[in-house]
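The values are calculated or read from the model by the stated rules, or taken from the named source; none is laboratory data. All values reported here derive from a predicted model rather than from experimental measurement. Reconstructed Cβ throughout: ideal geometry from the backbone, glycine too, with neighbour counts over all protein chains shown.
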Amino acid sequence: MKISPVNIEERKTMDLKPGDTVRVWQKIKEGDKTRLQAFEGMVLARKHGTEAGATFTVRRVVDQIGVERIFPLYSPAIDSIEVVKRAKVRRAKLYYVREKATKELRKHLKSELLRARQEGNTDTKKKEEKKEAKVEGK
């Protein structure tokens, strides 16, 4: 028995994190017609986890003006949510982005992602070295 028009399990397991660039497809009803409209931007915050009132904030810059929308995660008006790009950030809420220039922000996120990849590579090397040491020790 389906009560909600939203696939709740799919939205619950959605890996949506601050720093991700997402495209939110929203259903808009105009008269008797329904159409889809995309809103693409960076996720600044996700609030209230996976509970019924969970929301996420998306920011995009249109004609040098910042536009933020707060979407309820389980809203039936949202058709789908696509993660376009991932970014590694060190904060849970990216409200400081509001004061930063777009170019400066892109550069910062790129450097964070590169740093995370480099750290990830060294972590895997250390794990491999530990495994080899255990094998040789036996």
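Annotations
- Taken as a whole, region 43-55 holds no residue that is within 24 Å of LYS100 (Cβ to Cβ) and loosely packed, with under 13 Cβ neighbours inside 10 Å.
- Odd one out for ASP15 among (1) surrounded by 10 or more Cβ atoms within 10 Å (Cβ to Cβ); (2) in a loop (DSSP other than H, G, I, E, B); (3) of a type in the set (Asp, Glu): (1)
- Hits in region 57-84 (condition: within 13 Å of the chain's Cα centre (by Cα), surrounded by 12 or more Cβ atoms within 10 Å (Cβ to Cβ) and either in contact (Cβ under 8 Å) with a residue 60 or more places away in the chain or not in a strand (DSSP E or B) (or both)): LEU73, ILE81, VAL83
- Some residue of region 30-39 being part of a loop (DSSP other than H, G, I, E, B) and on the phi < 0 side of the Ramachandran plot: yes
- Considering only residues in region 110-138 that are at pLDDT 75 or above and of a type in the set (A, V, I, L, M, F, W, C), the one that is nearest to the chain's Cα centre (by Cα) turns out to be LEU113.
- Residue match in region 26-37 (condition: within 13 Å of the chain's Cα centre (by Cα) and either within 24 Å of ARG106 (Cβ to Cβ) or in contact (Cβ under 8 Å) with a residue 12 or more places away in the chain (or both)): no
- The set of residues from region 87-117 being of a type outside the set (Gly, Ala, Ser), exposed (fewer than 12 other Cβ atoms within 10 Å of the Cβ) and in a loop (DSSP other than H, G, I, E, B) comprises just one member, ARG90.
A quick yes/no check of all residues on (1) out of contact with any strand residue (DSSP E or B) (no Cβ under 8 Å at 6 or more places or on another chain); (2) among the hydroxyl-bearing types (Ser, Thr, Tyr); (3) modelled with pLDDT under 90; (4) within 13 Å of GLY19 (Cα to Cα):
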{"position": "ARG46", "(1), (2), (3), (4)": "no, no, no, yes"}
{"position": "THR50", "(1), (2), (3), (4)": "yes, yes, yes, no"}
{"position": "ARG60", "(1), (2), (3), (4)": "no, no, no, yes"}
{"position": "TYR95", "(1), (2), (3), (4)": "no, yes, no, yes"}
